[in-house]
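Taking it in order: structure first as structure tokens, then the write-up.
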Ligand SMILES: [Fe+2]
Ligand SMILES: [Fe+2]
């Protein structure tokens, strides 16, 4: 891949439209930019949690004629899974940075730690200024929103992701643990769940012209996410090229995660977790989009997406 193509693939990361961000990600994973290039892009892509005006968002959120209780309940479920997820990935990424095999990869991961912290602070501000939740600090804010996340979210973040980070914390030289961890973090959590969930949430809000400050900020969050996924795909593609045994680790990790991961999309109150309607879309749409998103990443790593047959919902 020549440098010009690499640069033009990264250029799309500046876009403000979520579907362009998503198709831009497809081009990034194909171009597989180096860690240095991804670092340069991070330097040019700064934004601040203070950039967004939440006045209209707060007015809309408090208007019962505009947003129904059903819509509000569903959005609160989605917002909280993202908010709490941002806190988990901020803290759990530290051991990954210790275990990364080169200074270039480590330098990129330190930028990602600061991104994830920024995402968490963005959500904290949104909860205070738009949703009107009061809390003494970010920790108590997060504690107060834990009731909204589902059991499968807890299994994935508090169980599997935490276990990956703990293994790396105990032994940063454990490369198989890093391959498993990056599969869970960048491929399953960010590349399959977060970007898919965000795409549906942002599209739904845009169509209704709801929460414009949040929509703009959350689009910036997801431009960051696509850079993070670009790192994960590059890391795993190289690892698999170096040693085919790493392909087996990726495959086993997906087998472990996918039955749980698809259920992270499911609100706890629905009857059938594999077939339900939300106020904004049907479950089949989001499941299908997520599987396609994952397949593209596997193909870019040199794996056969057919391995997913029978794994997911
Ligand atoms: Fe994030
Ligand atoms: Fe991220």
**Prompt:** Using mean Cβ contacts within 10 Å as the protection proxy, how do 69-81, 38-50 order, highest first?
**Reply:** 69-81, 38-50
**Message:** Averaged across orientations, what area in nm² does the convex hull of the alpha carbons in the chain project?
**Reply:** 15.1 nm²
**Asked** Percent relative contact order of segment 47-304, based on C-alpha pairs within less than 8 angstrom and at least six residues apart?
**Response** 26 percent
**Message:** Please report the equivalent ellipsoid semi-axes of segment 205-303, computed as sqrt(5 x eigenvalue) of the Cα gyration tensor, largest first, in whole Å.
**Reply:** 30, 20, 10
**Request:** Measure nothing but the geometry: give the 0 to 90° angle between the long axis through the Cα atoms of 283-300 and the longest principal axis through the Cα atoms of the chain, rounded to 10°.
**Result:** 20 degrees
**Prompt:** Hey, what did segment 153-251 get for relative contact order, percent, Cα under 8 Å, at least 6 apart?
**Reply:** 33 percent
**Request:** Could you tell me how many degrees, from 0 to 90 and to the nearest 10, lie between the Cα long axis of helix 245-261 and the main elongation axis, the longest principal axis, of the Cα atoms of the chain?
**Result:** 20 degrees
**Asked** In the calculated pair distance distribution of segment 125-232, what percentage of Cα-Cα distances lie above 16 Å?
**Response** 69 percent
**With eigenvalues of the C-alpha gyration tensor scaled by 5 and rooted, segment 115-179, Å** = 30, 14, 9
**Prompt:** When averaged across all projection directions, what area in nm² does the alpha-carbon convex hull of segment 174-252 cover?
**Reply:** 5.5 nm²
**Message:** Compute the distance from the alpha-carbon center of segment 46-70 to that of segment 249-313, in whole Å.
**Reply:** 30 Å
**Message:** Can you tell me, using C-alpha contacts under 8 Å and at least 6 residues apart, the relative contact order of segment 67-154 as a whole percent?
**Reply:** 39 percent
**Message:** With only alpha-carbon atoms in the gyration tensor, what are the semi-axes of the equivalent ellipsoid for segment 1-160, in Å, largest first?
**Reply:** 32, 21, 15
**Request:** With springs only between Cα atoms under 10 Å apart, run a GNM on the chain and tell me which of 65, 17, 171 wobbles the most.
**Result:** 65
**Calculated Rg and Dmax of segment 151-194 using C-alpha coordinates, Å** = 10.4, 32
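Computed from the coordinates by the stated procedures, all read-outs in this text should not be read as laboratory data. Computed from a prediction, not measured in an experiment: that's the story for all the values here. Positions of Cβ are generated from backbone atoms using ideal geometry, with glycine treated the same way; all protein chains shown enter the neighbour counts.
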